[in-house]
1. Using the crude model of +1 on Lys and Arg Cβ and -1 on Asp and Glu Cβ, and no other charge, please compute the dipole size for the chain relative to its Cα centre, in debye to 20.
2. I want to verify a result. In a Gaussian network model of the chain, Cα cutoff 10 Å, which of these has the top mean-square fluctuation: LEU37, LEU16, LEU56?
3. For the chain, which semi-axes, largest first and in whole Å, follow from the square roots of 5 times the eigenvalues of its Cα gyration tensor?
4. Residues with amide H under 5 Å of LEU34's amide H, sequence separation 5 or more or different chain, H placed in the peptide plane at 1.01 Å from N; which?
5. Would you mind counting up the charge near ASP54? Only other residues with Cβ under 12 Å from its Cβ, with Lys and Arg at +1 and Asp and Glu at -1.
6. Could you tell me the center-to-center distance, by alpha carbons, between the range 44-71 and the range 7-34 in angstrom?
7. Say each of LEU63 and ALA33 gets a label point 7 Å from the Cα, pointing the same way as Cα to Cβ; how far apart are those two points in nm?
8. Anyone know which of TRP13, TRP73, TRP31 comes out most mobile in the 10 Å Cα GNM of the chain?
Amino acid sequence: MSASGFGADGSVWVLLGGRRAETISGSGSAWRALSALPAGVATLAPGPSAGGYDALAVSGSRLAVWRLAGTAWAKVQVINVPIEYGSSG
C-alpha cells in the first residue's frame with residue numbers, strides 16, 4: 001500500500017501500487033476496485049458526486065486532476081504552480 005485516506009460518508013480508499021486503488025463505503029460492504037489510475041497519481045480526494053473520487057498527479061510544478069467518469073478517468077484540470085527551485089535553505 002502506498003497511500004490511504006477517507007472519502008465522503010465514511011468511505012475509505014487505498015492506493016495499492018501498480019496504478020491500482022480500492023475503496024470501501026462502510027461497515028459490512030465489500031472492497032471495490034477502481035479503474036486503473038492515470039500515471040503519476042499520488043493521492044485521491046473526494047469528488048463532487050456521492051462516492052466519487054478525484055485522482056491527483058504531480059510532476060514537477062504541474063498538478064493534474066483526474067475524475068472517475070463511469071469506468072474511465074478524465075482529466076478535468078491542470079495547474080502549473082510556479083516554484084523557485086533552490087529557494088529554500
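1. Computed charge dipole of the chain: roughly 240 debye.
2. Comparing LEU37, LEU16, LEU56 in the GNM, the peak value goes to LEU16.
3. The equivalent ellipsoid of the chain has semi-axes of 26, 14, 12 Å.
4. So LEU34 has HN proximity to ALA21, GLU22, THR23.
5. +2
6. Going from one Cα centre to the other spans 14 Å.
7. 3.1 nm
8. TRP31
Only the coordinates and a few stated rules stand behind these numbers; no lab work does. Quantities reported herein were computed from a predicted structural model and do not represent experimental measurements. Neighbour counts are summed over all protein chains in view; Cβ atoms, including those assigned to glycine, are modelled from backbone coordinates with ideal geometry.
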